[in-house]
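Encoded as structure tokens, the structure appears first; notes follow it.
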Amino acid sequence: MDKLSLADKTQRPKAINASEIQSSGYTINRRNFFKLLGGGVAIALTHSYVYAWQELGQSMGSALPDEESIAAWIHILEDGSISVFTGKVEVGQNIRTSLAQLVAEELAVPLPRITMTMGDTLLCPYDQGTYGSRTTPYMGPKLRKAAASLKEALVEMAATQWKIPKESVQAKDGQLIHSGSGQALDYGEITKGKKILLPVNDQAALTPPQQWTIAGTSVPKTNGRDFVSGKHQYVSDMELPDMVYGKILRAPSYGASLVSAAIEKAQVSANVTVVQEEGFIGVTAPDPQTAANALAKIDAQWHAAPQPAKAEIFTYLKENSRQNNNEDPAQAEARKAFEASTIRLEQRVEVQYIAHVPLEPRAAVATWGDGQLTVWTGTQRPFGVQEELAEAFSVPKSSIRVFMPDTGSAYGGKHSGEAALEAARLAKAVGKPVKVVWTREEEFKWAYFRPAGLIEMAAAVDDDGLISSWEFHNYNSGGAGIDLPYEASVKHIQFHPSRTPLKQGSYRALASTANIFAIESMMDDLARQLKQNPLDFRLANLKDERLKGVLKAAAGKFGWEKEKVADHGYGIACGFVKNSYIATCVEVAYNRSSEQLSVLRIVAAFDCGAIVNPLHLENQVMGCVLQGLGGALFEEVDFKDGRILNPSLSSYRVPRFADIPPLDIVLLDRKDIPSAGAGETPIVGIAPAIRNAIADATGVKLSSLPLIPQGLKLTN
Amino acid sequence: MATINLTVNKKKYEVDADPQMPLLWVIRDFIGLTGTKYGCGIAQCGACTVHVGDAAVRSCTIPVESVRDQQITTIEGISKDGEHPVQRAWEEIDVPQCGYCQSGQIMAAVALLKSNSKPTDEDINESMTNICRCGTYNRIKKAIKLASENG
Ligand code: FES
Ligand code: FES
């Protein structure tokens, strides 16, 4: 029998090999590349090559890397195995699989030969982060180009070795084949003894998507088995020898400041350490429960600061927003056209704060040794966290290694490094490795939310049913997706940043969900006023062929023209974000006696250019639609006096099995168009489609998100 | 502190812990089986699902002393390397996205199929109440049906 107490913990086999954690302090560059990684042939992609420079600059601030520094590389080792290094990270969107497919395709190697090394600040080149649907459109094509260049270089090497023209060498299945003699050389053999680092050859020919055999297919998730066997080690599962668990004292409300704290009582046993450093109080203990018990014994006095409540949030956001004093001429013109119209509408839309609720909360393991800090943490920005740590502890970035193992999701909610900083601070104070895993409650209270927003708009149509005026103001939630995809004679569109009382940040599709909800609600109501079919009204006001394409595809699959049963309603909505296009159709049913509204079925049509992995794309679309369903129907953060009132999964409702209606996804594979990301856009169609279907079934025109947190009552 | 005898995945352990400590933490932090996950700590998400006997339970709210001498099974105990029919179905349908909820989902599904070898959609909706924030619900349903067909 195994006898276990916490004292035995160190005898258990460890998840992490201590030798792995020695941070070498190197950052990899062209000079030390092979010294660190072994021989072979490699190709390096520079930053200026991967990203349009101006765009990169905006989001990166001071962290701008040297233009010519490496952004990713592909390395064929002497044993023929292939390593791809990128600072991108995997959070369930399956880019570990899709990027490997693209490389395998262009390099002409079997997929299993490829290992993706991702999200490790020591081994991977700088990357600003995995967000904004940038991996597929930016990193994807450049890795393809790099792989294709590498393949051409190998062909040339073989041709030289065999003293034949390169046209007589074919690259296939990881081998170079002499087409005359049929002689074959493995990639590994030709790279043996070599140390060649090549630049990307922009002239290298890419395999057109029409001829893809590995990319474009539904290969299963890389390491899929580890995720069904429970073997995959998330950060929250990791353990280092001698590690202790940390808990942090939190304020009772936002804006509260610490007046005094009696920490003595927290010293519940000899193996508990209390750490107090200007405004920060934390404890460590050999297990999380003891740490939590110790923390609870701290007697702290706080000074609360007044904070706005949910009930007044939209007034607050508008009052605190940036207004322009001088009216824009376009605004005056839009007003004039609006006043002159007979068919016109004004609307106000309110969108509540919502939470990401990644199922794995924030977690980090940190350890210091010889002035080197190593941190494992679930973040979409490992290099950003490395910078945060460097600043907080005044150590050079080269002494800090941040590593992100594939993480329990993020959805835009893990851009920051809170847990990493906390674990590193405690580890430094107690001189031992420390693990910090946030509780669900901490995740709800101290992470950040998707912004709340107020939208005010006014629109008019002329006698031909075309939009003659469009005025649109978004307060606080953001400018993403704010542009009108429809044609309009005059328009004035403006985002007014405001002061948010709750911490807000990135989220799948950002403000596109709010803005497109507002746009598509307005479009439907205008169509109704004109007594036009909402689909026809949209098509008549659209020029964008791809948006029209998804609208028609969704409507076709849905049976938009079909008769509907009494008290059932159909709704449609569309939108595009960052070069991908979604249209969503929904059927709802309203039961008047029970006052129950149900979403009966959803059809979503999506076009993101050439599809890299159809199954995984469908999964991403489905994940977006279902996450969007929560924000559409019932998700909202409740708050008052600086306190989150529903910080748990029993009071903050997310979609579950029983909430999920039948969902049909139509994927338009546009092999003629470069692939775009898919983790965001499909979320934007579901809320307005449901809202429009409810209006169709009941005549009730809802104007806030979530739509029906308390169900739908037609009476009162 | 008390000494508690536990049987996890057919192996016997004697654990020296607070009798009120949730089973989840004993499984993860004492025994070191980390396939069982924490997601909420209040029996809402199902990430911590294990079996006590044949029943799926949420280990985050079960005091360890209440399962003394009972048969506890975790994701690591249903097969050596993911070859349980339910895990195979999961792999075949390629269910996981981030994967964090999937140990719990699989444990809930295994228990469901033990009590109901041919579950309908309604049965699944009713008994599978685990949260998947990545939205893999439809594939989970498919995988449960596939596992049920494969017997
Ligand atoms: S952690 Fe036990 S149900 Fe969520
Ligand atoms: S796969 Fe990510 S939470 Fe279920």
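Which of (1) within 16 Å of ligand 1 (Cβ to nearest atom); (2) in a loop (DSSP other than H, G, I, E, B); (3) at the interface with chain A (Cβ under 7 Å from one of its Cβ atoms) is the odd one out, the single condition B:Ile106 does not satisfy? Of the numbered conditions (1) within 16 Å of ligand 1 (Cβ to nearest atom); (2) in a loop (DSSP other than H, G, I, E, B); (3) at the interface with chain A (Cβ under 7 Å from one of its Cβ atoms), the odd one out for B:Ile106 is (2).
For the residues A:Ala589, A:Ala566, A:Ala604, A:Ala555, the requirement of being more than 18 Å from A:Phe657 (Cα to Cα), without any contact (Cβ under 8 Å) to a residue 24 or more places away in the chain and either within 14 Å of chain B (Cβ to nearest Cβ) or aliphatic (A, V, I, L, M) (or both) singles out A:Ala566.
Residue by residue, here is whether (1) in a loop (DSSP other than H, G, I, E, B); (2) in contact with a Ser or Thr (Cβ under 7 Å, 6 or more places away or on another chain) holds:
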position	(1), (2)
A:Ala480	yes, yes
A:Leu484	yes, no
A:Gln494	no, no
A:Arg508	yes, no
A:Asn515	no, no
A:Met523	no, no
A:Arg528	no, no
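Can you say whether A:Ala610 is small (Gly, Ala, Ser), in the same structural domain as A:Val565 (by TED's automatic domain parsing) and not in a helix (DSSP H, G or I), as far as the supplied structure shows?
Values: small (Gly, Ala, Ser): yes; in the same structural domain as A:Val565 (by TED's automatic domain parsing): yes; not in a helix (DSSP H, G or I): yes.
Spelling it out, A:Ala610 is indeed small (Gly, Ala, Ser), in the same structural domain as A:Val565 (by TED's automatic domain parsing) and not in a helix (DSSP H, G or I).
If you go through segment A:223-262 and keep only what is buried (at least 21 other Cβ atoms within 10 Å of the Cβ), among the β-branched types (Val, Ile, Thr) and more than 7 Å from every other protein chain (Cβ to nearest Cβ), you end up with A:Val235, A:Val244, A:Ile248. Going through segment B:123-139 one residue at a time, which ones are hydrophobic (A, V, I, L, M, F, W, C) and away from ligand 1 (no atom under 16 Å from the Cβ)? Scanning segment B:123-139 gives a single hit, B:Ile124. Note on segment B:109-133: residues that are within 7 Å of chain A (Cβ to nearest Cβ) and open to solvent by 10 Å² or more (accessible area, probe 1.4 Å) amount to 3.
Evaluate the following for B:Glu83: is it more than 16 Å from ligand 1 (Cβ to nearest atom), surrounded by fewer than 23 Cβ atoms within 10 Å (Cβ to Cβ) and assigned to a helix (DSSP H, G or I)? No, not satisfied.
Which residues, counting only those in segment B:1-26, are among the β-branched types (Val, Ile, Thr) and in contact (Cβ under 8 Å) with a residue 24 or more places away in the chain?
Within segment B:1-26, the subset among the β-branched types (Val, Ile, Thr) is B:3-4, B:7-8, B:15, B:26.
The answer is B:Ile4, B:Thr7, B:Val8, B:Val15, B:Val26.
All of B:Leu33, B:Leu24 fail the test of being at pLDDT 95 or above and open to solvent by less than 10 Å² (accessible area, probe 1.4 Å), apart from B:Leu24.
Which of the residues belonging to segment B:17-35 are within 15 Å of ligand 1 (Cβ to nearest atom) and facing chain A (nearest Cβ under 7 Å)? Selection gives B:Met21, B:Trp25, B:Asp29, B:Thr34, B:Gly35.
Flag: A:Lys435 does not match the condition of being out of contact with any strand residue (DSSP E or B) (no Cβ under 8 Å at 6 or more places or on another chain), of a type in the set (D, E, K, R), within 14 Å of chain B (Cβ to nearest Cβ) and open to solvent by less than 20 Å² (accessible area, probe 1.4 Å).
Looking only at segment A:380-395, decide whether some residue is within 16 Å of ligand 2 (Cβ to nearest atom), modelled with pLDDT under 95 and either in a loop (DSSP other than H, G, I, E, B) or under 30 Å from B:Gly46 (Cβ atoms) (or both).
At the first step, the residues of segment A:380-395 found to be within 16 Å of ligand 2 (Cβ to nearest atom) are A:380.
Add one more test, that the residue is modelled with pLDDT under 95, and what stays is A:380.
Then keep just the ones that are either in a loop (DSSP other than H, G, I, E, B) or under 30 Å from B:Gly46 (Cβ atoms) (or both); that gives A:380.
Looking through segment A:380-395, at least one residue is within 16 Å of ligand 2 (Cβ to nearest atom), modelled with pLDDT under 95 and either in a loop (DSSP other than H, G, I, E, B) or under 30 Å from B:Gly46 (Cβ atoms) (or both).
Suppose the filter is away from ligand 2 (no atom under 16 Å from the Cβ) and within 15 Å of the chain's Cα centre (by Cα); does B:Ile42 pass it?
Working: away from ligand 2 (no atom under 16 Å from the Cβ): yes; within 15 Å of the chain's Cα centre (by Cα): no.
So B:Ile42 does not fit the description; no.
Looking only at segment A:302-310, decide whether some residue is surrounded by fewer than 14 Cβ atoms within 10 Å (Cβ to Cβ) and over 29 Å from A:Ser416 (Cα atoms). Steps first, please.
So the first thing to find is which residues in segment A:302-310 are surrounded by fewer than 14 Cβ atoms within 10 Å (Cβ to Cβ), and the list is A:303, A:305-306.
Then keep just the ones that are over 29 Å from A:Ser416 (Cα atoms); that gives none.
No.
In segment A:199-211 there is at least one residue matching the filter, namely being open to solvent by 20 Å² or more (accessible area, probe 1.4 Å), modelled with pLDDT under 90 and in a strand (DSSP E or B). Within segment A:687-716, the set of residues being surrounded by fewer than 19 Cβ atoms within 10 Å (Cβ to Cβ), of a type in the set (Gly, Ala, Ser) and closer than 21 Å to A:Ala355 by Cα comprises A:Ser703, A:Ser704, A:Gly711.
If you check A:Lys543, A:Lys564, A:Lys557 for being part of a helix (DSSP H, G or I) and either open to solvent by 10 Å² or more (accessible area, probe 1.4 Å) or hydroxyl-bearing (Ser, Thr, Tyr) (or both), only one passes: A:Lys557.
Among what's in segment B:40-72 and is near ligand 1 (Cβ under 9 Å from one of its atoms) and in a strand (DSSP E or B), pick the residue that is farthest from B:Ile106 (Cα to Cα). Across segment B:40-72, the extreme among qualifying residues is B:Arg58.
Restricting attention to segment B:127-138, does a residue exist that is β-branched (Val, Ile, Thr) and in a helix (DSSP H, G or I)? No; the residues of segment B:127-138 include none that is β-branched (Val, Ile, Thr) and in a helix (DSSP H, G or I).
Quick check, is B:Thr49 polar (S, T, N, Q), more than 9 Å from chain A (Cβ to nearest Cβ) and either open to solvent by less than 10 Å² (accessible area, probe 1.4 Å) or away from ligand 2 (no atom under 13 Å from the Cβ) (or both)? Spelling it out, B:Thr49 is indeed polar (S, T, N, Q), more than 9 Å from chain A (Cβ to nearest Cβ) and either open to solvent by less than 10 Å² (accessible area, probe 1.4 Å) or away from ligand 2 (no atom under 13 Å from the Cβ) (or both). How many residues does segment B:70-88 contain that are within 9 Å of another protein chain (Cβ to nearest Cβ) and small (Gly, Ala, Ser)? Summing the residues that are within 9 Å of another protein chain (Cβ to nearest Cβ) and small (Gly, Ala, Ser) in segment B:70-88 gives 2.
If the requirement is being hydrophobic (A, V, I, L, M, F, W, C) and either in contact with a Cys (Cβ under 9 Å, 6 or more places away or on another chain) or open to solvent by 30 Å² or more (accessible area, probe 1.4 Å) (or both), which of these qualifies: B:Ile140, B:Ile106? Explain how you work it out, then say what you get.
Details: B:Ile106 fails: either in contact with a Cys (Cβ under 9 Å, 6 or more places away or on another chain) or open to solvent by 30 Å² or more (accessible area, probe 1.4 Å) (or both).
B:Ile140 is the lone residue from the list that is hydrophobic (A, V, I, L, M, F, W, C) and either in contact with a Cys (Cβ under 9 Å, 6 or more places away or on another chain) or open to solvent by 30 Å² or more (accessible area, probe 1.4 Å) (or both).
Would you mind stating whether A:Ala589 is in contact with a strand residue (DSSP E or B) (Cβ under 6 Å, 6 or more places away or on another chain), more than 30 Å from A:Ser675 (Cβ to Cβ) and crowded, with 17+ Cβ neighbours inside 10 Å? The answer is yes for A:Ala589.
Of the residues making up segment B:106-151, those that are within 16 Å of ligand 2 (Cβ to nearest atom) and either on the phi > 0 side of the Ramachandran plot or touching a strand residue (DSSP E or B) at 6+ places or on another chain (Cβ under 8 Å) (or both) are B:Met107, B:Ala108, B:Asn130, B:Gly135, B:Asn138.
The values are calculated or read from the model by the stated rules, or taken from the named source; none is laboratory data. These numbers were taken from a predicted model, which means no experiment stands behind them. Don't worry about glycine lacking a Cβ; one is built from the backbone with ideal geometry, like all the others, and counts go over all protein chains shown. Note: accessible area is taken over every heavy atom of the protein model, side chains too, but ligands, DNA and RNA are not part of it. Shrake-Rupley method; radii C 1.70, N 1.55, O 1.52, S 1.80 Å.
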